[in-house]
1. If Pro116 meets every condition in (1) modelled with pLDDT of 95 or more; (2) of a type outside the set (A, V, I, L, M); (3) within 16 Å of Arg57 (Cα to Cα) apart from one, which number is that one?
2. Can you name every one of the strands (runs of 3 or more DSSP E) wholly within segment 29-128 that holds 3 or more residues which are touching a helix residue (DSSP H, G or I) at 6+ places or on another chain (Cβ under 9 Å) and of a type in the set (A, V, I, L, M)?
3. Mind listing just one residue for me: the one in segment 76-128 that is among the polar types (S, T, N, Q) and free of Cβ contacts under 8 Å to residues at least 60 places away in the same chain and, of those, surrounded by the fewest Cβ atoms within 10 Å (Cβ to Cβ)?
4. When you scan segment 18-77, how many residues do you find that are farther than 30 Å from Asp95 by Cβ and either charged (D, E, K, R) or over 20 Å from the mean Cα position of the chain (by Cα) (or both)?
5. Just checking, how many residues over segment 64-103 are touching an Asp or Glu at 6+ places or on another chain (Cβ under 7 Å) and of a type in the set (A, V, I, L, M, F, W, C)?
Amino acid sequence: MSGSPRRSMRGGFVLIEVVVAVTLLMIVLPALGALTFQIAGRSVRAHALTHRTAVVRQMMGRLGVLPFDSLESAVGCGEEEDPPFPHKWCVTVDDLAVNDREVVLVVTSTLVATRPDTVYLRRTRGITNPFDTR
(Lines give C-alpha, C1' and ligand atoms only; values in the text may rest on other atoms or scores of the structure.)
Protein backbone atom coordinates (compact mmCIF):
# COMPACT_ATOMS: atom_id res chain seq x y z
CA MET A 1 0.00 0.00 0.00
CA SER A 2 1.06 3.50 -0.48
CA GLY A 3 2.42 5.59 2.34
CA SER A 4 -0.18 8.38 2.08
CA PRO A 5 -2.88 8.35 4.79
CA ARG A 6 -6.35 7.55 3.54
CA ARG A 7 -9.28 9.47 4.68
CA SER A 8 -12.11 7.36 5.94
CA MET A 9 -15.40 7.68 4.03
CA ARG A 10 -17.70 7.50 7.02
CA GLY A 11 -21.06 9.22 6.67
CA GLY A 12 -22.22 11.73 9.25
CA PHE A 13 -22.87 15.37 9.96
CA VAL A 14 -20.28 18.03 10.07
CA LEU A 15 -20.47 20.47 12.98
CA ILE A 16 -21.42 23.38 10.70
CA GLU A 17 -24.42 21.43 9.35
CA VAL A 18 -25.67 20.84 12.88
CA VAL A 19 -25.28 24.54 13.74
CA VAL A 20 -27.18 25.57 10.59
CA ALA A 21 -29.99 23.09 11.33
CA VAL A 22 -30.33 24.28 14.94
CA THR A 23 -30.36 27.92 13.79
CA LEU A 24 -33.13 27.21 11.30
CA LEU A 25 -35.16 25.46 14.00
CA MET A 26 -34.71 28.47 16.30
CA ILE A 27 -36.18 30.70 13.59
CA VAL A 28 -39.03 28.44 12.45
CA LEU A 29 -40.37 27.03 15.76
CA PRO A 30 -41.35 30.35 17.40
CA ALA A 31 -43.17 31.36 14.22
CA LEU A 32 -45.06 28.06 14.22
CA GLY A 33 -45.90 28.49 17.91
CA ALA A 34 -47.29 31.98 17.31
CA LEU A 35 -49.32 30.71 14.36
CA THR A 36 -50.72 27.89 16.50
CA PHE A 37 -51.88 30.33 19.19
CA GLN A 38 -53.41 32.62 16.58
CA ILE A 39 -55.37 29.76 15.01
CA ALA A 40 -56.53 28.56 18.44
CA GLY A 41 -57.80 32.05 19.27
CA ARG A 42 -59.69 32.28 16.00
CA SER A 43 -61.21 28.87 16.63
CA VAL A 44 -62.50 29.98 20.05
CA ARG A 45 -63.98 33.15 18.55
CA ALA A 46 -65.65 31.17 15.73
CA HIS A 47 -67.11 28.75 18.27
CA ALA A 48 -68.49 31.67 20.31
CA LEU A 49 -69.91 33.26 17.15
CA THR A 50 -71.76 30.06 16.30
CA HIS A 51 -73.36 29.88 19.74
CA ARG A 52 -74.10 33.61 19.77
CA THR A 53 -75.91 33.29 16.44
CA ALA A 54 -77.99 30.41 17.81
CA VAL A 55 -78.90 32.39 20.93
CA VAL A 56 -79.87 35.46 18.89
CA ARG A 57 -82.02 33.41 16.51
CA GLN A 58 -83.77 31.71 19.42
CA MET A 59 -84.49 34.98 21.24
CA MET A 60 -85.63 36.76 18.07
CA GLY A 61 -87.94 33.85 17.34
CA ARG A 62 -89.52 34.27 20.77
CA LEU A 63 -89.87 38.02 20.31
CA GLY A 64 -91.30 37.53 16.83
CA VAL A 65 -94.23 35.41 18.02
CA LEU A 66 -95.20 37.56 21.00
CA PRO A 67 -98.45 39.45 20.46
CA PHE A 68 -97.96 43.12 19.68
CA ASP A 69 -99.51 44.23 22.97
CA SER A 70 -97.27 41.87 24.98
CA LEU A 71 -93.96 43.23 23.69
CA GLU A 72 -93.57 45.51 26.73
CA SER A 73 -93.39 42.42 28.96
CA ALA A 74 -90.22 41.27 27.13
CA VAL A 75 -88.25 44.41 28.09
CA GLY A 76 -85.33 43.79 30.43
CA CYS A 77 -81.86 42.34 30.78
CA GLY A 78 -80.60 38.98 31.87
CA GLU A 79 -77.57 36.77 32.10
CA GLU A 80 -77.00 33.12 31.22
CA GLU A 81 -73.96 31.56 32.86
CA ASP A 82 -74.34 28.03 31.53
CA PRO A 83 -71.80 26.65 29.05
CA PRO A 84 -71.14 26.48 26.16
CA PHE A 85 -72.02 30.17 25.72
CA PRO A 86 -72.30 32.32 28.83
CA HIS A 87 -73.76 35.67 27.81
CA LYS A 88 -75.70 38.77 28.79
CA TRP A 89 -78.73 40.02 26.90
CA CYS A 90 -80.92 43.13 26.92
CA VAL A 91 -84.24 43.77 25.18
CA THR A 92 -85.73 47.23 24.68
CA VAL A 93 -88.94 48.23 22.92
CA ASP A 94 -89.45 51.71 21.40
CA ASP A 95 -92.75 53.05 20.10
CA LEU A 96 -92.19 54.46 16.62
CA ALA A 97 -95.86 55.17 15.91
CA VAL A 98 -99.25 54.13 17.24
CA ASN A 99 -99.14 50.74 15.54
CA ASP A 100 -95.36 50.43 15.05
CA ARG A 101 -92.68 49.32 17.52
CA GLU A 102 -88.97 48.60 17.29
CA VAL A 103 -87.55 45.76 19.38
CA VAL A 104 -83.78 45.90 20.02
CA LEU A 105 -81.90 42.83 21.26
CA VAL A 106 -78.26 43.06 22.38
CA VAL A 107 -76.32 39.86 23.17
CA THR A 108 -72.82 40.08 24.67
CA SER A 109 -70.54 37.14 25.37
CA THR A 110 -69.07 37.02 28.88
CA LEU A 111 -66.53 34.37 27.92
CA VAL A 112 -64.76 35.65 24.81
CA ALA A 113 -63.74 39.21 23.99
CA THR A 114 -66.10 39.76 21.06
CA ARG A 115 -68.26 42.69 20.11
CA PRO A 116 -71.89 42.67 21.21
CA ASP A 117 -74.42 41.52 18.66
CA THR A 118 -77.33 43.93 18.15
CA VAL A 119 -80.49 42.97 16.27
CA TYR A 120 -83.41 45.24 15.40
CA LEU A 121 -86.90 43.85 14.88
CA ARG A 122 -89.72 46.07 13.67
CA ARG A 123 -93.19 44.96 14.71
CA THR A 124 -96.44 46.35 13.37
CA ARG A 125 -99.90 45.81 14.80
CA GLY A 126 -102.27 44.24 12.32
CA ILE A 127 -104.52 47.04 11.10
CA THR A 128 -108.09 46.01 10.52
CA ASN A 129 -109.97 47.21 7.50
CA PRO A 130 -112.87 49.49 8.58
CA PHE A 131 -114.80 48.44 5.48
CA ASP A 132 -114.60 44.76 6.37
CA THR A 133 -118.10 43.83 7.58
CA ARG A 134 -117.53 40.15 8.33
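The values are calculated or read from the model by the stated rules, or taken from the named source; none is laboratory data. Since the structure is predicted, the reported quantities are computational estimates derived from the model, not experimental observations. In this analysis, Cβ positions are derived from the backbone assuming ideal geometry, glycine residues included, and neighbour counts consider all displayed protein chains.
1. The single condition Pro116 does not satisfy is (1).
2. Values: elements: 76-80, 87-97, 100-109, 117-124.
Hits in segment 29-128: 100-109.
3. That would be Thr128.
4. Final tally of qualifying residues: 19.
5. We begin by selecting, within segment 64-103, every residue touching an Asp or Glu at 6+ places or on another chain (Cβ under 7 Å); these are 86-88, 93-94, 96, 101-102.
Still in the running and of a type in the set (A, V, I, L, M, F, W, C): 93, 96.
Here the count works out to 2.
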